[in-house]
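Remarks on the structure that follows.
The values are calculated or read from the model by the stated rules, or taken from the named source; none is laboratory data. Because the structure is predicted, anything quoted here is derived from the model rather than measured. Cβ placement follows ideal geometry from the backbone for every residue including glycine, while neighbour counts extend to all protein chains displayed. Only protein heavy atoms, including side chains, enter the accessible area calculation; ligands, DNA and RNA are left aside. Shrake-Rupley method; radii C 1.70, N 1.55, O 1.52, S 1.80 Å.
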Amino acid sequence: MAPKHQAPRGTRDLLPGETERWQWAEDKARGVLERYGYREIRTPMFEDVELFARTSGESSDVVQKEMYRFKDLGDRDLALRPEGTAGVCRAYVEHGLGGRARIHRLWYMGPMFRYGRPQKGRFRQFSQIGAEIIGSAAPGADVEMIALFLDLFEAWGFRDLTVAVNSVGTPESRRAYGDALRAWLAPVRDKLSADSQQRLEVNPLRVLDTKIEDDLALLRDTSRGPLPRMIDVLDDDSRTHWEGVLDGLAALNIRHEVDHGLVRGLDYYTRTAFEVHDRSLGAQSALGGGGRYDGLIEALGGSSTPGVGFSIGLDRVLLVKEERGEAVPDRALEIYVVAMDSTRTDAIRLTRELRREFAVECDVEGRAIKAQLQAAGKSGARLAVILGEDETKQGNVAIKDLEGGAQDSVPRARLVEALRERLDAGRKAGSR
Ligand code: HAM
């Protein structure tokens with residue numbers, strides 16, 4: 001029988017065993033972000049609905065169909081954040097960060113919420129790691145972002161990823177592109193799905209983002225001439241920028257391919273857009289994506305300030321690693337303290353002392369030594385510290401290697417040092 005209470009649809013509990021995998025991925029990411037000189041920003045998990053409508057776009061799926069929207073008891077119209085960039089830019093304007101430094105490199109990590117039909121790799125609560133450079137319009141900023149984006153994946157063990165890039169121009173060039181796309185699709189307009197027909201009216205670029213197979217076939221059909229390309233209608237500045245980005249990627253030997261159909265699902269993008277996919281995930285294949293958003297801060301009432309950033313879906317990253325059978329470190333327990341009846345109090349004191357430096361567990365139920373040794377064996381700890389009666393009287397302690405089985409005795413005064421040496425030696429052997 002199903003339990004009476006279950007986690008809401010589209011959400012998950014991460015149990016011990018999984019949380020270690022998450023911590024491993026988060027720690028790796030923190031390391032990379034810090035080495036790139038980015039600083040963490042934390043913004044609220046809910047914001048005014050208006051903030052997301054204004055930035056992600058009234059007609060975007062995220063705002064139209066996926067937002068967890070609610071009224072609080074003060075009748076405020078709020079939403080759980082579906083993404084992080086809007087909140088970061090709101091905070092940037094609210095705290096006048098632009099006045100403190102010209103360029104800000106920021107990162108964030110945390111849960112986002114989108115009401116979609118749950119499926120493989122798609123959750124209603126999911127976790128993103130994101131980064132933003134605010135204050136630079138230079139192509140070098142886009143290139144740094146893409147390099148950071150890929151270096152995060154590399155730190156998680158992904159090799160040879162190819163990043164898909166495109167330019168979505170400016171709102172003006174997008175209008176020109178929308179007209180070209182409408183004209184190109186006009187002869188087959190009636191064959192498009194109702195959804196795509198509506199997109200063609202309201203936000204034509206979004207037609208390229210369709211997942212409907214019949215629509216995709218019409219987009220692939222070149223009998224009416226090739227699909228118009230965004231980069232063919234770019235204004236001069238956007239073209240120069242685009243070329244600067246491509247040159248920068250080439251200079252860093254970053255594997256990339258130009259995807260003329262790449263449009264992104266949120267409305268705030270200008271110029272560069274990029275994504276990384278892993279086909280093993282099926283329909284929800286995007287591991288992460290981002291791009292430039294030069295109009296967003298101004299739209300929030302700030303002074304005109306360019307920005308570029310990305311976010312990566314951590315749930316999907318870990319799903320891919322799991323499917324590939326790639327091991328990530330398990331729990332990090334180091335020591336299990338085992339006591340006799342007569343040394344129990346001593347053992348509890350010692351455990352507390354050792355916990356200042358090591359990951360340590362001990363029995364709290366006064367169980368027999370055999371049960372304690374069994375628990376030590378199952379615990380995943382590398383070493384057992386055994387407080388035997390006679391040894392304790394002589395001022396010694398036994399250390400047992402729970403992997404190899406060897407056991408020896410050390411003077412109590414040397415215990416911490418001996419544990420350090422053995423754990424270090426084990427770490428070195430493990431990392432070889
Ligand atoms: P996004 O492409 O909407 O961009 O989301 C980024 C990533 O979040 C996706 O590639 C995917 O891995 C993950 N993701 C999105 N929805 C779900 C879901 N329902 N379940 C699991 N994972 C999901 C943004 O959010 C932008 N804020 C990125 C950005 C930052 N652009 C500029 N700066």
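Leaving out ligands and nucleic acids, and using a 1.4 Å probe, what accessible area per residue does the chain come to in Å²?
Ligands and nucleic acids excluded, the figure is 51 Å² per residue.
I want to check the label-to-label distance for Thr162 and Asp77. Put each point 7 Å from Cα in the C-beta direction and report it in nm to one decimal.
4.4
Please report the Cα spread of region 240-321 along all three principal axes, rounded to whole Å, starting with the longest.
Sorted largest first, the three principal extents are 42, 31, 21 Å.
Treat region 69-138 as a sphere of radius equal to its Kirkwood radius over Cα pairs and apply Stokes-Einstein at 20 °C in a medium of 1.002 mPa s; give the translational diffusion coefficient in µm²/s, rounded to a whole number.
On the way: Rh = 14.3 Å.
Estimated via Stokes-Einstein, D reaches 150 µm²/s.
Calculate, for Ser303 and Arg69, the FRET efficiency according to 1/(1 + (r/R0)^6) with r their C-beta to C-beta distance and R0 22 Å; round to the nearest 0.05.
On the way: r = 30 Å, r/R0 = 1.35.
Plugging the Cβ-Cβ distance into 1/(1 + (r/R0)^6) gives 0.15.
For region 1-97, which trypsin sites (Lys or Arg not before Pro) are both in a DSSP coil and crowded by at most 15 other Cβ atoms within 10 Å? All intermediate terms of the calculation are to be shown ahead of the outcome.
Details: sites: Lys4, Arg9, Arg12, Arg21, Lys28, Arg30, Arg35, Arg39, Arg42, Arg54, Lys65, Arg69, Lys71, Arg76, Arg90; in loops: Lys4, Arg9, Arg12, Arg42, Lys65, Arg76.
For trypsin sites (Lys or Arg not before Pro) across region 1-97 that sit outside H, G, I, E and B with at most 15 neighbouring Cβ atoms in 10 Å, the list reads Lys4, Arg9, Arg12, Arg42, Lys65, Arg76.
So what is Rg over Rh here for region 299-432, counting just Cα atoms and using Kirkwood for Rh? Don't skip to the end; give the middle numbers.
On the way: Rg = 22.0 Å, Rh = 17.6 Å.
In region 299-432, Rg relative to Rh is 1.25.
In terms of solvent-accessible area of protein heavy atoms at a 1.4 angstrom probe, what is the ranking of Arg331, Arg344, highest value first? Write out the running numbers ahead of the final one.
Details: Arg331 110, Arg344 50 Å².
Largest to smallest exposure gives the sequence Arg331, Arg344.
Most fluctuating residue of Leu402, Leu227, Leu185 in a GNM of the chain with Cα springs under 10 Å: which is it?
Judging by the Gaussian network model, the answer is Leu402.
Could you state the per residue volume, in Å³, of the convex hull enclosing the Cα atoms of the chain?
Each residue corresponds to 210 Å³ of Cα convex hull volume.
Calculate log10 I(q)/I(0) of region 140-282 for q = 0.13, 0.18, 0.20 Å⁻¹, where I(q) comes from the Debye formula with a single equal point scatterer on each Cα and nothing for solvent.
Listed by q, the Debye log ratios stand at -0.63, -1.08, -1.23.
Longer than 23 Å from Cα to Cα, which of Lys28/Lys400; Lys120/Lys211; Lys65/Lys321; Lys28/Lys65 are they? Say none if no pair is. Present the calculation step by step, with values, prior to reporting the outcome.
Values: Lys28/Lys400 32 Å; Lys120/Lys211 15 Å; Lys65/Lys321 30 Å; Lys28/Lys65 34 Å.
Table pairs above 23 Å Cα-Cα are Lys28/Lys400; Lys65/Lys321; Lys28/Lys65.
May I ask you to derive the FRET efficiency for Glu20 and Ala194 from their Cβ-Cβ distance with R0 = 60 Å, giving the value to the nearest 0.05? Provide the component values of the computation, followed by the final result.
On the way: r = 46 Å, r/R0 = 0.77.
The calculated FRET efficiency here is 0.80.
Quick check: at a probe of 1.4 Å, how many percent of the accessible area of region 168-259 sits on carbon and sulfur atoms? Mind dumping the intermediate values first?
Numbers: 2560 of 5060 Å².
Using a 1.4 Å probe with all protein chains present, region 168-259 comes out at 51 percent carbon and sulfur.
On a C-alpha basis, how far is the centre of region 1-67 from the centre of region 158-187 in Å? Whole number, if you could?
Their Cα centres are 28 Å away from one another.
Counting Lys and Arg as +1 and Asp and Glu as -1, each charge on the Cβ, what is the dipole of the chain about the Cα centre in debye, to the nearest 20?
Details: 64 positive and 69 negative charges, 156 e Å.
Dipole about the Cα centre, nearest 20: 740 debye.
Tell me the relative contact order for the chain as a rounded percent, counting alpha carbon contacts under 8 Å between residues six or more apart. Could the numbers behind the result be given before it?
Details: 689 pairs, mean separation 65.2, N = 432.
Worked out over the chain, it gives 15 percent.
Could you work out the Rg to Rh ratio of region 273-340, with Rh taken as the Kirkwood radius (inverse of the mean 1/r over all Cα pairs)? List each step's numbers first, then the result.
Details: Rg = 20.8 Å, Rh = 15.8 Å.
Result: Rg/Rh = 1.32.
Starting from a Cα-only point model with no solvent, please compute log10 I(q)/I(0) by Debye for region 26-120 at q = 0.11, 0.18, 0.20, 0.22 1/Å.
-0.40, -0.93, -1.05, -1.14
Lysines near Lys393 by alpha-carbon distance under 22 Å, same-chain residues fewer than 8 away left out - which ones?
Leaving aside lysines fewer than 8 places away in the same chain, those within reach of Lys393 are Lys370.
Between Glu326 and Glu58, what is the label-to-label distance in nm when each label sits 7 Å out along the Cα-to-Cβ direction?
4.3
Let's test the formula: R0 of 51 Å, r as the Cβ-Cβ distance of Arg42 and His5. What FRET efficiency results, to the nearest 0.05?
Numbers: r = 30 Å, r/R0 = 0.58.
It comes out at approximately 0.95.
Report the extension gain between Ala101 and Glu201 in nm, rounded to one decimal, defined as 0.36 nm multiplied by the number of residues separating them, less their alpha carbon distance.
On the way: separation 100, 0.36 × 100 = 36.00 nm, distance 4.14 nm.
Here the segment from Ala101 to Glu201 would lengthen by 31.9 nm.
On alpha carbon coordinates alone, what is the Rg over Rh value for region 21-78, Rh being the Kirkwood radius? Don't skip to the end; give the middle numbers.
On the way: Rg = 16.4 Å, Rh = 14.2 Å.
When Rh is taken as the Kirkwood radius, the ratio is 1.15.
Looking at the chain as a GNM with Cα springs under 10 Å, which of Asp363, Asp294, Asp209 has the largest mean-square fluctuation?
Asp363
Select from region 290-369 those GluC sites (Glu not before Pro) which occupy a DSSP coil region and have at most 10 other Cβ atoms within 10 Å, ordered by residue number.
On the way: sites: Glu298, Glu322, Glu323, Glu326, Glu334, Glu353, Glu357, Glu361, Glu365; in loops: Glu326, Glu334, Glu357, Glu365.
Here the sparse-neighbourhood loop sites are Glu365.
Given a 1.4 Å probe and every protein chain left where it sits, what share in percent of the accessible area of region 345-428 is carbon and sulfur?
Working: 2410 of 5060 Å².
Carbon and sulfur together cover 48 percent of it.
Take Asp236 and Ala368, extend 7 Å from each Cα along the Cα→Cβ direction, and tell me the distance between the two endpoints in nm.
9.0
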